[in-house]
Each structure stands twice: as structure tokens, then as C-alpha cells.
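Below is one structure, written out as C-alpha cells; comments come after it.
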């Protein structure tokens, strides 16, 4: 009997009979997760405008931080005069244990405590929770449960850049072992989707949301620095952010960000359909960071994007509003 995980990949990821509008919605759900936030009036806590701060990643070895990350998105589209709306929500809870290696890089041991996805459109709602996998017959929940409770270690340098992710290959092997050894086609599809959706789409993205915001040098309150990134999926989105240290109080740095998102008329394919995209957006955010350790305590991010995709001779207008909220605390 074919495994339930095989059914996931065959039914969800490679069914090219899916409607174009559904394919586009599925694609956008995975490529859009940007960063933005409101402002702050906090000032330098000691009143010295000349004081400089070196914001860097330097958490205490042996400490543990726990984060709850909530993402939401609302899509508005129009295909052949028909309006299509979709809402997506996800909640992930993860603990990060802190250690360091011999060269000073951070060893971040991750254990996911909760993985929950919710999606709603005109046809109904889907509610999936990794915690239900033991009693559930839903293959997607069983896929999610492979990650929940597993141990994954990310190696991160002091600038917040990911050097490697360890423990991930063991999880991937567990997934692939559930397939018939002779079914090389389904295993190849499963491996590709696991890399894109789990490693890049959840594990790596969560780490980047925590650490990829540091300036290259010491800064005063009011100073700005810029960081660019490319969000990779079935097409590339260029993201250019400007960050400002708006204040320091009680050992916590408050940082604001604002930036631009562009697709630069990127081309690609999704669900077997070729497309080109011309979408642009704005993002802004606010972060609260421990000045002594560089660990985030909170962040709030939102983005508004609009444009169109060209697929199978159709121009598909798109508007997207997305949000991200992260709440963290030091456990020990």
C-alpha cells in the first residue's frame, strides 16, 4: 500500500489538473512572507547622544529562548472577471538552545513544539495541526509531525548568517523511507518539496527572521543601515530594507525597518504552468532586541504587495496583505 506521505505529494504538489487560480494561490502562499512594523518614541536610556552600540549576536552559552511565531496573509485576485479571496494563518512555537563552537559561531538547537496551519477560501476551511497526527488520518498532519519534536541545529556566524543546518538530513531520510524504494519519481518529488517547503520555507526562514538584521558597525541612536536579500522560491523576490535604531531602554534596543519588494518581471513555473510576474510592495517593521545578546524579544512585520501575473495568456491582478508577529522570552 502506498504511504500516506506519498499521497500528499502526489495529490497536492504534482496534480497538474488543478485550476489555474488555485495554482496561483498555492504558489503565492509559499513565496510571500515579508517584514514590516510600526514606530517608537523611545530614546537613549542614559541621555548621551554620542554613545554608540555594537549590536551583534552574542547570547549566553547554555541559555534557552522560546518563540511563538504567527504569520497571516490575505489574497485578493481576479481571474476572468471572477474575484478570488483566500486567507492563510500559521502558528509555530519553537525553542532555541544556545551553544558555541570552537570558532565562535553560534550553535542554535531548535525543537518545534507546535505547528498549526489554517486556510480559508470560498470553498471552505482547512485546519491542520501537527499535534493531531497520532490520531489523525490526514496525511498532511502526519507530514508536519515529522518536524514537531525533532532536533535541528543551525550554525550561525556573529553577523546572523546561516552557515549550515544539521539534523535536517535525518528528518528528510525519515520522509523518504516511507516511500516504496522502487518509486523513484515520487521520492524525487517529495525530496524537492521537502527542501523548498520545510527547510527553506519554515526552518531557514524562521532563523533569518530572528537574526538577519544586524548592522556592520557600531551605531548611535538614530543611525540607519541597509540590508538586501533575495527570497527564493519558484521565483525570486528582491527585498531592500533600511533599519533604524530608534532607541534604547532597560537594555532593550528598538529597531524600525522599512523597505521595498520587487519581482523584476521574474519568470518561473508553478504546478506545471509557466508565468511571468510584475509585483511590487512596501514593508515596515519593529523589533525589540536584547542589547547584550542580540536576541530578539519581539517583532511585528507587515507588507502590502500588488501587481499582476501573466499565465497561460491571462493577466491576473493580485493584491496581498501579510503580517508576522513574533513573541519571545528567555527560559533560562
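The values are calculated or read from the model by the stated rules, or taken from the named source; none is laboratory data. Here the structure is a predicted model, which means the values were calculated and not measured. In this analysis, Cβ positions are derived from the backbone assuming ideal geometry, glycine residues included, and neighbour counts consider all displayed protein chains.
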Determine if region 120-127 includes at least one residue that is surrounded by 18 or more Cβ atoms within 10 Å (Cβ to Cβ) and either within 26 Å of residue 84 (Cβ to Cβ) or at pLDDT below 85 (or both). no
Hits in region 74-99 - residues which are out of contact with any strand residue (DSSP E or B) (no Cβ under 8 Å at 6 or more places or on another chain) and closer than 16 Å to residue 321 by Cβ: none
Within region 148-163, does at least one residue satisfy the condition of being under 21 Å from residue 68 (Cα atoms), modelled with pLDDT of 75 or more, part of a helix (DSSP H, G or I) and in contact with a strand residue (DSSP E or B) (Cβ under 7 Å, 6 or more places away or on another chain)? no
Is it the case that residue 187 is in a helix (DSSP H, G or I), surrounded by 15 or more Cβ atoms within 10 Å (Cβ to Cβ) and modelled with pLDDT under 80? yes
Name the strands (runs of 3 or more DSSP E) wholly within region 242-332 that hold at least 3 residues that are in contact with a helix residue (DSSP H, G or I) (Cβ under 7 Å, 6 or more places away or on another chain) and crowded, with 19+ Cβ neighbours inside 10 Å? 296-311, 314-330
Matching residues in region 75-94 (out of contact with any helix residue (DSSP H, G or I) (no Cβ under 8 Å at 6 or more places or on another chain), closer than 24 Å to residue 204 by Cα and surrounded by 15 or more Cβ atoms within 10 Å (Cβ to Cβ)) number 4
Would you mind finding the one in 102, 63 that is under 30 Å from residue 332 (Cβ atoms) and out of contact with any strand residue (DSSP E or B) (no Cβ under 8 Å at 6 or more places or on another chain)? 102
Qualifying residues in region 94-134 (those that are more than 20 Å from the chain's Cα centre (by Cα) and part of a helix (DSSP H, G or I)) - the one farthest from residue 208 (Cα to Cα): 132
Considering each of 170, 141 in turn, give the residue that is part of a helix (DSSP H, G or I), in contact with a strand residue (DSSP E or B) (Cβ under 6 Å, 6 or more places away or on another chain) and either at pLDDT 80 or above or crowded, with 18+ Cβ neighbours inside 10 Å (or both). 141
